[in-house]
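Input: a single structure, listed below in C-alpha cells.
The values are calculated or read from the model by the stated rules, or taken from the named source; none is laboratory data. These figures come from a predicted structure and were not determined experimentally. Here the Cβ positions follow ideal geometry from the backbone for every residue, glycine too, while neighbour counts run over all protein chains shown. What goes into the accessible areas is simple: the full protein's heavy atoms, side chains included, and nothing from ligands, DNA or RNA. Shrake-Rupley method; radii C 1.70, N 1.55, O 1.52, S 1.80 Å.
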Amino acid sequence: MTETRFHAPERLEDAISLLSADEDARPLAGGQTLVAMLNADLLSPSQIISLHRIKALQGIERRADGSLRIGAMTTHAVLARSGDLRGAHRLLGEAAGRIGHEAIRNRGTIGGAVAHADPSADYPPVLVALEAVIEAVGPKGKRVIPAAEFFQGFLTTALNLGEIVSAIILPPSPAEACTHYEKFARVEGDFATLSVAVALWGGGVRIALGSVGPVPVRSAEAEAKLFAGQLSDGAIKEASAKLVAASDPIDDVRGSADYRRLLIPRLVKQAIRTAQAKDAR
Ligand SMILES: Cc1cc2nc3c(=O)[nH]c(=O)nc-3n(C[C@H](O)[C@H](O)[C@H](O)COP(=O)(O)OP(=O)(O)OC[C@H]3O[C@@H](n4cnc5c(N)ncnc54)[C@H](O)[C@@H]3O)c2cc1C
C-alpha cells in the first residue's frame with residue numbers, strides 16, 4: 001500500500017515548495033473530484049497538500065478597473081448566490097448554480113474545477129466566453145493565462161509543475177450586459193451533454209460551447225453573424241452552423257457525437273432568446 005502524506009500549509013509559498021519538489025504531490029481543494037479519484041484508485045499521490053488554510057486563495061474582490069478577482073478556493077455555492085457578480089459576470093453565477101448537487105456546490109471550488117479541466121464541466125465555456133484569465137502562482141512567480149489558452153485538452157491545462165491556480169479574473173463588463181447559461185444534461189445534477197454560455201452587450205454577442213470538444217468551442221465566424229440588436233432566426237442558424245463546424249464532439253455515456261451536433265442549433269437559439277428576454281425585463 002502506498003503511503004500518502006498530508007499537509008495543510010498556511011502560506012501559499014509553502015504549498016508551492018511542496019508541490020514543486022514532488023511531481024506525485026497533489027493539491028486538495030473541495031475534494032469533490034480528487035477524493036472520488038482516490039476512492040476509485042485512479043490516483044495514488046505521494047502527498048496531498050490541502051489549500052484550505054491559505055487565505056491568499058480566498059475571497060472575491062472588485063478591482064478599481066471593474067474587473068473581478070475570484071479566489072481559487074471560492075465554492076460553487078458562494079458564486080451561485082453572490083451579489084458581486086454583475087453585468088456579464090452573472091454568467092459565472094448561473095453556471096455555478098447548475099453544477100452537480102447542493103452538497104457538491106458547497107464543497108467544490110472554482111480553482112479545483114478549472115485545474116481539473118473536464119471538457120463537460122460548467123465553468124470552462126463561461127470563462128472562455130467572458131475572456132477571463134486564470135492567475136497561477138508557482139516557483140517562478142505569478143502569471144496570468146487567458147482561459148482560451150489555459151484549457152488545452154481533456155483534463156489538460158497550461159499549468160506547470162508546482163503551479164497552483166490562485167484566482168480567476170473576469171475583465172470589466174458593462175452593467176447592461178445580459179447573459180444566459182443553458183445546460184442540457186440527462187438528469188439534473190449530471191455533467192452537461194451540451195452547454196451554451198451567452199453574453200450580449202454593446203451590439204455584440206459572445207458565445208462558447210462546452211462538452212462538444214476537448215476544450216470550449218468559441219468561433220469568431222459564428223459571432224460575426226450575430227449582432228445583439230438584430231438577432232434574426234436566420235442569423236442564429238448561420239452562426240450555429242459555424243459552431244457545429246468548429247466543434248469536435250465524442251460519443252460517450254451522455255450522448256453521441258451526432259446527437260450533440262444536432263443539439264447545438266437548438267440550444268444556441270434557446271440560450272440567445274432567453275438572454276434577450278432577460279434584457280427586456
Ligand atoms: C457527483 C458529482 C457531480 C458533479 N457534477 C458536476 C457538474 O455538473 N458540473 C461541473 O462542472 N462539475 C461537476 N462536478 C465536479 C465538481 O465541480 C468539482 O467540485 C470540481 O471539478 C473540482 O473542484 P474541487 O474544488 O472539488 O477540487 P478537488 O477535487 O480538490 O481537485 C480537483 C483537481 O484539481 C487539483 N486542484 C485543486 N485545486 C487546485 C488549484 N487551486 N490549483 C491547481 N490544482 C488544483 C487537484 O489536485 C485535483 O487534481 C461533479 C462532481 C461530482 C462528484
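Descriptive notes on the structure:
- Restricting attention to region 64-76 and to residues that are open to solvent by less than 10 Å² (accessible area, probe 1.4 Å) and more than 18 Å from His116 (Cα to Cα), the residue that is farthest from the chain's Cα centre (by Cα) turns out to be Ser67.
- Filter result for Phe227 (open to solvent by 70 Å² or more (accessible area, probe 1.4 Å), closer than 20 Å to Pro119 by Cα and not aliphatic (A, V, I, L, M)): no
- Residues in region 179-196 that are more than 20 Å from Pro249 (Cβ to Cβ) and either open to solvent by 10 Å² or more (accessible area, probe 1.4 Å) or aliphatic (A, V, I, L, M) (or both): His180, Glu188, Gly189.
- All helices (runs of 4 or more DSSP H) inside region 45-108 with 2 or more residues being out of contact with any helix residue (DSSP H, G or I) (no Cβ under 9 Å at 6 or more places or on another chain): none
- Condition met for Ala175 (more than 16 Å from the ligand (Cβ to nearest atom), aliphatic (A, V, I, L, M), surrounded by fewer than 18 Cβ atoms within 10 Å (Cβ to Cβ) and more than 30 Å from Val253 (Cβ to Cβ)): yes
- Listed by first and then second residue, the pairs linking a residue in region 73-84 that is under 14 Å from Asp122 (Cβ atoms) to a residue that is among the acidic types (Asp, Glu) and within 16 Å of the ligand (Cβ to nearest atom), with Cβ atoms under 8 Å apart and 6 or more places separating them unless they lie on different chains, are Ala77/Glu102.
- Total residues in region 1-42, condition closer than 22 Å to Lys142 by Cα and of a type in the set (A, V, I, L, M, F, W, C): 10
- Residue check for Arg63: more than 12 Å from the ligand (Cβ to nearest atom), farther than 21 Å from Pro216 by Cα and modelled with pLDDT under 95: no
- Residue within region 13-31 that is near the ligand (Cβ under 8 Å from one of its atoms) and at pLDDT below 95 present: no
- Residues that are surrounded by 16 or more Cβ atoms within 10 Å (Cβ to Cβ) and of a type in the set (S, T, N, Q) within region 7-51 comprise Ser20, Gln32, Thr33, Gln47, listed in sequence order.
- Some residue of region 182-204 being within 20 Å of Leu130 (Cβ to Cβ), aromatic (Phe, Trp, Tyr) and not in a strand (DSSP E or B): no
- Among the residues listed as Gly93, Gly108, Gly112, the single one being closer than 30 Å to Val253 by Cβ, surrounded by 15 or more Cβ atoms within 10 Å (Cβ to Cβ), within 14 Å of the chain's Cα centre (by Cα) and free of Cβ contacts under 8 Å to residues at least 24 places away in the same chain: Gly93
- Test: residue in region 154-163 that is open to solvent by less than 10 Å² (accessible area, probe 1.4 Å) and either within 16 Å of the chain's Cα centre (by Cα) or within 8 Å of the ligand (Cβ to nearest atom) (or both): no
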